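The values are calculated or read from the model by the stated rules, or taken from the named source; none is laboratory data. Only a predicted model underlies this, so the values are computations on that prediction, with no experimental measurement involved. Quick reminder, even Gly has a Cβ in these numbers, built from the backbone with ideal geometry, and neighbours come from all protein chains shown. Ligands, DNA and RNA are excluded from the accessible area calculation, which covers all protein heavy atoms including side chains. Shrake-Rupley method; radii C 1.70, N 1.55, O 1.52, S 1.80 Å.
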Amino acid sequence: MSNTDFALAVEDLTVSFDGFKAIDKLTLYVNRDEVRVIIGPNGAGKTTLLDLICGKTKASAGSIKFKNEELVGMDEHLRVRRGIGRKFQTPSIYENLTVFKNLEVSYPTGRSVFGALGFRCTDEVRARIQAVADEIGLSQHLTMEAGLLSHGQKQWLEIGMLLMQEPELLMLDEPIAGMSARERELTADLLRRISKDRAVIVIEHDMDFVKQIAHKVTVMHQGKILAEGPMDAVQNDPKVIDVYLGH
Ligand code: ADP
Ligand code: MG
């Protein structure tokens, strides 16, 4: 497989904050249809890596190619349009709007003929909202105010808001933090389903959850990759046990 066939190809990526290299010559490839989980101790640079891919933070050096197009230097909003969706740790939903409205406002206006003239909820948009609501398990809650959802449901709604844009790369930072056991299970199912047509990158600490969803695990440490491979190999790697799993 050549490097141009990956959904995401990160090569020699570096970012320095006042001389401190939070990401240090990191190289990483992610396939379409893959769930990649990134693990590693606090401060390893996991969140910073997602910041660099989505454009929130500017790279100091190196390359980030998405479907073989260079992202370094591209504006954050253009990266969203190219198909990159990023979920942050705290959900950013509109608490006083209904679930339906939250999904509706997330429909990419650029794709609607009414985009410039103000939004009209067409049949096409409604169908998409319904499909996404089914996917995230909230089709029975469309008329509910989002603020009344459980913590887990709010997380799924935010994933749904990203899915409205049909991202080809979806990045999630610690999506199950604070969830109940049942919500974790449902989230694992959800992530497996939504990786069918896209690449998914998940940062997670919960090893049982990682085992359930990961096709491949990347272990980060001090801005570099310490190990990478299937979960069972990574888990038995003495280097990984030493810096992360042993604690
Ligand atoms: P992780 O998500 O793996 O816990 P982070 O990516 O949040 O780690 O942080 C990696 C390192 O980079 C930490 O030492 C953090 O303090 C530092 N860092 C992250 N963002 C910035 C920033 N904008 N300015 C300065 N230092 C930062
Ligand atoms: Mg983090």
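Here is how the numbers come out for the structure above:
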| read-out | value |
| --- | --- |
| Residue selected from region 204-247 under the condition assigned to a loop (DSSP other than H, G, I, E, B) and surrounded by 14 or more Cβ atoms within 10 Å (Cβ to Cβ), by the criterion farthest from the chain's Cα centre (by Cα) | Asp237 |
| Filter pass, Asp33 being within 13 Å of ligand 1 (Cβ to nearest atom) and either over 27 Å from Val210 (Cβ atoms) or open to solvent by 20 Å² or more (accessible area, probe 1.4 Å) (or both) | no |
| Some residue of region 153-163 being open to solvent by 60 Å² or more (accessible area, probe 1.4 Å) and either at pLDDT 95 or above or not in a helix (DSSP H, G or I) (or both) | no |
| Restricting region 164-201 to residues that are of a type in the set (A, V, I, L, M) and within 16 Å of ligand 2 (Cβ to nearest atom), the residue that is most open to solvent (accessible area, probe 1.4 Å) | Ala177 |
| Those residues of region 50-101 which are of a type in the set (Lys, Arg), open to solvent by 80 Å² or more (accessible area, probe 1.4 Å) and over 16 Å from Glu11 (Cα atoms), in sequence order | Lys56, Arg81, Arg82, Lys101 |
| The listed residue being within 16 Å of ligand 1 (Cβ to nearest atom), among the charged types (D, E, K, R) and within 30 Å of Pro238 (Cβ to Cβ), out of Asp18, Asp24, Asp51 | Asp24 |
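For every residue, the table says whether it meets (1) of a type in the set (A, V, I, L, M); (2) in the same structural domain as Ala146 (by TED's automatic domain parsing); (3) not in a helix (DSSP H, G or I).
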position	(1), (2), (3)
Val15	yes, no, yes
Pro41	no, no, yes
Lys58	no, no, yes
Leu78	yes, no, no
